[in-house]
Amino acid sequence: MPVFDFNNDTSGKEEPECTYSVFLSSEPEATAENPILVLDNREREWKHHSCGAFASPNKRTAFEFREEDETYHADILRIDARFIHLIRWLGEHRIPVRLSGKNQEEGYAVYRIRETAFGGGSKLSAEDGFLQFMIERLLASSAPPVEQEDEDQEETGDEMKLTSLQSITDFMTCAGRTLPDNIRLWARRNLAVARSNEVSPEERRHAQRALSIMMNIQWKHNYFEAIDPQEARRILDEELYGMERVKQRIIETIIQINRTHTLPAYGLLLAGPAGTGKSQIAYAVARILKLPWTTLDMSSINDPEQLTGSSRVYANAKPGIIMEAFSAAGESNLVFIINELDKASAGKGNGNPADVLLTLLDNLGFTDNYMECMVPTVGVYPIATANDKEKISAPLMSRFAVIDIPDYTPEEKKVIFSRFALPKVLRRMSLQERECIVTPDAVDAVIEKYADTTGIRDLEQAAEHIAANALYQIEADHVPEAVFDAEKVRELLA
């Protein structure tokens, strides 16, 4: 593990020599073996949970332990490079904190830091939960380049939102290096606008809102951990019956990710008749990738501005759907499920909204008119669905690997109805299978009824109708079971 010694200029007698070295780590969780920092414990072992405050590392590289009205100092020996600015900021502002750590041969290994200034005293930021939020963001980041002096699972910061200028400023000071370079520069410019008295209140409001949106997104790198193909297959079998060729294509994509540790250059386009489970396949892939997902329904988007946002020159300006999706997910790695890509309409004479997706699909970065900044899209995996791929433009088609989803055969529909659709509805209605008996000829009657329709949605609705009728007979007529033969099914579904 690389270690870098930081020896501050000690020309002044009041400036003692820096005691700590810096190490690089990209561990996503802090433990005693992978600590945030290590404190000197040669003269005294420290308690598992210890309270006190940091001294400013560039003035006195120590933590001041407060025990029984006494104060003891322990030098910082080693510190994770990701946390240098945060520890310095805690020291400069004298924020009371509680450490959790373990005494080891090399020192007191600190793996958790919590703010104790609740309800009074100085706080790092105006936002409650800011410190825990900061630590989680830093642990989720990769180790930053080391530069010399220039610039527990019990509590989570998932609900944390940076909204005030103070909290945004603190975040930039402590963790600005976790942001992509272009976003960090953009944030500095917008902070200047938000604080300026030389611009209109409207401009300041827009700048602060844009900053809040951008700072609350974790901008992750594009490295993907390996995915277990057997677990992926289990999820696919759980969600889909049959479709072996489709499952094979998806597993091939998973194996490609495992080899390259990056997402494929092309997204997936699932093309086939309505009701064949295209959206279900897309959700299954997002589950396999362990990524948050968002849905873009292209049939309801008739203006490109809905995707790209509106300019801040307008009082009611706001970000577009794509930027809002990043904000809702809270991270930059996510699956975009683009429904009904073939139904995207030109609308309002402003161009085809679908064409706006080209930059998103190319993973070259997407620019939102409101944010006025190019956001990285290397962690975006698009999965589109379409009933008729012939209606999709050639440029869009070239961004996808196409998987044709066939309709189900009558025999497959029988199995889906009997083994999946009907049992699923019975469980939801708290009915036992012995209370709703559907004979084989009744199943044939259901399949015959919907022989001319594609997909399985009609089968699911038929199962719902039959189960509801069974429940009515049991509750209203007090029968122990409801039996459906072909004649009853035809009468019920007529």
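Structure values in brief
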quantity	calculated
Cα-based shape type of segment 214-305, given that a ≥ b ≥ c are square roots of the gyration tensor eigenvalues and the cut on a/c is 1.5	oblate
Alpha-carbon spread of segment 346-437, three principal axes, descending order, Å	61, 30, 30
Pairs of lysine residues in segment 348-494 - Cα separation under 30 Å, sequence separation of 8 or more or cross-chain	15
Segments 334-342, 191-199, 85-93, 418-426 sorted - mean Cβ within 10 Å per residue, highest first	334-342, 85-93, 418-426, 191-199
Mean shadow area of the chain over all directions, Cα convex hull, nm²	32.6
Net charge of Cβ neighbours under 15 Å - reference residue 42; Lys, Arg +1; Asp, Glu -1	-4
For segment 360-399, average projected area of the Cα convex hull in nm²	3.6
Listed residues 333, 369, 248: farthest to the positive end of the dipole of segment 243-395 (Cβ charges)	248
Whole-Å distance, taken between Cα centres, linking segment 390-423 and segment 316-332	30
Binned Cα-Cα distances of segment 410-492, short to long, each 5 Å bin given as a whole percent	3, 16, 30, 26, 16, 6, 2, 0
Rh by Kirkwood over Cα pairs, then Stokes-Einstein D for segment 32-109 at 0.692 mPa s and 37 °C, µm²/s	265
Average Cα contact separation per residue, segment 410-492, under 8 Å, 6 or more apart, as relative contact order %	42
Value at 222 nm in deg cm²/dmol, rounded to 500, when DSSP H runs of n ≥ 4 in the chain each add -39,500 (n - 2.57)	-10500 deg cm²/dmol
For 485, 368, order by how many other beta-carbon atoms lie within 10 Å, fewest first	485, 368
Pairwise FRET efficiency - residue 197 versus residue 234, Cβ, R0 = 60 Å, nearest 0.05	0.50
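Values quoted throughout were computed directly from the atomic coordinates according to the rules given, and no laboratory measurement underlies them. Just so it is clear, the model here is predicted, and its values are computed rather than measured. Cβ atoms come from the backbone with ideal geometry, glycine included; neighbour counts cover every protein chain shown.
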